[in-house]
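Step one of this worksheet: look at the structure below.
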Amino acid sequence: MFTKKDLRKIPTILDEAIECTATENDDDDAMLVDVTDAKNSSSSKNDNKDNNIHRKRLKVEKPLSELRLGRRQQEFQGKVTVLCQPMYMSKLQSLQILNVYDCGISNVNGIGMFKDCHHLTTINMGRNPITELPTEFGLLKSLKELWLDDCQLRGSLPLCLMELSQLEILKISNNHITHLPTTMVKKMIHLRVLNLDGNPLVGSNSGGGSGTGTSKILNEEEKDQEEEKEENMMMMKDDDTEVHRLPPFPNDWSGMKSLEELYMRNCQMTQLPHRLPPSLLCWHISSNPLSTLQDQYPKSNKTNNPDESDDDDDNEIHPSHSQSHQDDQKRTVWHNLPRLKDLSLNSCQLTSLPYGLVSGLLLPTSSSSSSSSLTRLMLSHNPNLKQLPLEVLHVIRASTEFQTGPNIIWEPNPQLESQIISSSQ
């Protein structure tokens, strides 16, 4: 739906905004007021009142609920100062949506003034050259949806975002985020949609980042034993100097129990989290250099005998594997995603599919179920994928011939064509 742009300057918009008080009737209709025509004021009382009385509908103005101020670079001049003035706050108590998309804003200091706008649920700050967020951003407790896509945020995901306890949607794609702190999993428990597309999730050195923000992050996370243990595992030595390296993301995401959509496309990932929340419905991890999808689930009873082969670590399934062999395998991270419907793995560097993905997502979820929860699996543009397990071929045939089961999109993959064609004959 097209929304007409307000051509007034920002100060004018705010100056002309009003503070409304509820009327006695407080209904949705505008007030109807009887106005006596002065020319007929001396008419007889017996005259028809309809000739003398005009019913006038007065428009009742409402306080601002939306501020759509996109693409106003000249007015903002790189700061939000023009908007964050104490004299305007009383007129913004009903504000629900704030849009300052592509306004050339690089300094967000002062945004905490919106902390008293308890109806503010959505902020769009996308496409602004923001490199860091001030601590006061965490004061906006009522936020449920935040857009920070196509900005210039660097290093770790800002800790102030962890204070937005009601946040449900976070779109922070196409920034320079390299590290997701464990605090995210513990505090962002209401998050439903997380879009991290286009961020280089490769981890970062403890000395990296911008300004004092990274130092503050380390001080917070070192208090958490789990994070500290994870960081210690990533220590590297170079010229007798120890460098702490933060991992790209936590291994265990199961604490984010409301998460339904996770987008991690083109994030330079070479590994996946060990655990994801069972609430997940959609997971897009396309365009990452993932040559294999290990079954990531930690093996609690793995042998310490050096003589035993470690060939099964990847738990890859091959066409020659029998069903009994599959049943003997351990449950994996893929088995803990009972609601997953959409999995995108296109444009990676896959050479094979792991056992857990096939048995956990493509096969029936239980003996009483005739189908899996997965409805779409994207495998296209994986030129190194030479062969698919028999179970996958059966699913492709069922989907093609009978329109049942998950839709597996495998084309184009030239090396798979002969296998797919022969299996359908």
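The values are calculated or read from the model by the stated rules, or taken from the named source; none is laboratory data. Keep in mind that what you see is a predicted model, and the values were worked out from it rather than measured. Note: ideal-geometry Cβ built from the backbone for every residue, glycine included; neighbour counts use all protein chains shown.
One residue is enough: does segment 113-127 have a residue meeting the conditions touching a Pro at 6+ places or on another chain (Cβ under 7 Å) and within 22 Å of residue 201 (Cα to Cα)?
no
Please specify each residue of segment 61-95 satisfying the condition of being of a type in the set (S, T, N, Q) and within 16 Å of residue 120 (Cα to Cα).
Within segment 61-95, 65, 90, 93, 94 qualify.
Looking only at residues that are at pLDDT 95 or above, out of contact with any Gly (no Cβ under 8 Å at 6 or more places or on another chain) and closer than 19 Å to residue 134 by Cα in segment 86-113, which one is surrounded by the fewest Cβ atoms within 10 Å (Cβ to Cβ)?
109
Scan segment 114-124 for residues that are among the acidic types (Asp, Glu) and either buried (at least 17 other Cβ atoms within 10 Å of the Cβ) or touching a strand residue (DSSP E or B) at 6+ places or on another chain (Cβ under 8 Å) (or both) and report the count.
Qualifying residue count for the region: 0.
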